[in-house]
Every structure is written in structure tokens, then in C-alpha cells.
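Take a look at the structure below.
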Amino acid sequence: PWAATLGGEPPPPATEGIVDAIRSLSEGHDVTLVEGAGGPLVPIDEIRDVIDIAVALDGPVLLVARDGLGVLSYTLTAHAAIAARGLRVAAVALTPAPTSDAPDVSIETNARILEARLGLPVVHFGTGVDDDGALAERARASGLVEVLFPASDDASR
């Protein structure tokens, strides 16, 4: 968002306004997922980062990363930044990277290394159509629903 502002776009709203809107939209729902674009330390403006919204919401974080070259450093660094702000990372979801991005062996071992280093569940979240039903099905197939909501009832998923 700060880059867009520097490029001439209007500045983003205050963090309080963003958080209030999220809370308002969450009313009546058991679960609300909020996506922070680009990572926890993406600048919103001169002072605020995406992580500031997560801190204000004070919920668990799902750390999502592309499973390719650089994912270990990115994920470990992002986890450290999130933990340093007092937030809990619930799980890591790895999404497919372009096939030329990393040798097959790293893709096979990235999840194992991250699970060992972070002590968190790591799931592979596949690609597909971006509609609610397809996304929900991929979440179920990856095991993400069980990781995030271990006590939830199958009927409510």
C-alpha cells in the first residue's frame, strides 16, 4: 500500500478503520480469515506494516508461502517477525511455486524442515479455481481445516 501511495494513489485508511471494518464484517460468523498481502512486514505507510493489523485483531496467524526456492528463509523470517510481535502462528500453508522455481528435492523436504524448525503443522495447499467452494475443498483436501480447527465438527466445515 505504501508503494501505491508513493505512486500517486490515495493513502490507505487508518489501521483502526481497517480493523473496525473487519470486525463488523465478521459479526455473525464463527471464523473470519483475513489475508495480508505480501507478508507481515509489507509497509502500509511510513510507520505501519501489515502485521500491525494482525496485532490489532489479536488472532492466530496462518503463514502462507510459495513452496519453492527461498521458502525456508522467507518462512522462518516471517515467523520470527510474527512471534516478535506476540502473535501465535497456528500453521504454515505451502502453495505451489512455478515448476522451474526449485528442484523437486527441496519441495519434498521444505515442509519437513519447517515442521522441525517451527514445531508447527505444515500443509500443502494446492492450486485451482478461486471460488469459495473450490477453496473450501482444497482446504479440506490439504488438511488445513483440521489443522486450524481440530475440535470442529465435520458438519460445520
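The values are calculated or read from the model by the stated rules, or taken from the named source; none is laboratory data. Worth saying up front: this structure is predicted, and the values here are computed from it rather than measured. Note that we place each Cβ from the backbone using ideal geometry, even for glycine, and neighbour counts take in every protein chain shown.
Looking at Arg112, Arg140, Arg157, which is the one that is at pLDDT 85 or above and either surrounded by fewer than 17 Cβ atoms within 10 Å (Cβ to Cβ) or of a type in the set (Phe, Trp, Tyr) (or both)?
Arg112
Condition first: assigned to a helix (DSSP H, G or I) and modelled with pLDDT of 85 or more. Can you find one or more residues in segment 86-104 that meet it? Spell out how you get there, then give the answer.
Start the filter on segment 86-104 by keeping residues that are assigned to a helix (DSSP H, G or I), which leaves 99-101, 104.
Add one more test, that the residue is modelled with pLDDT of 85 or more, and what stays is none.
The answer is no, given that none of the residues of segment 86-104 is assigned to a helix (DSSP H, G or I) and modelled with pLDDT of 85 or more.
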Note on Asp58: of the conditions (1) at pLDDT below 95; (2) closer than 19 Å to Phe125 by Cβ, unmet is (2)
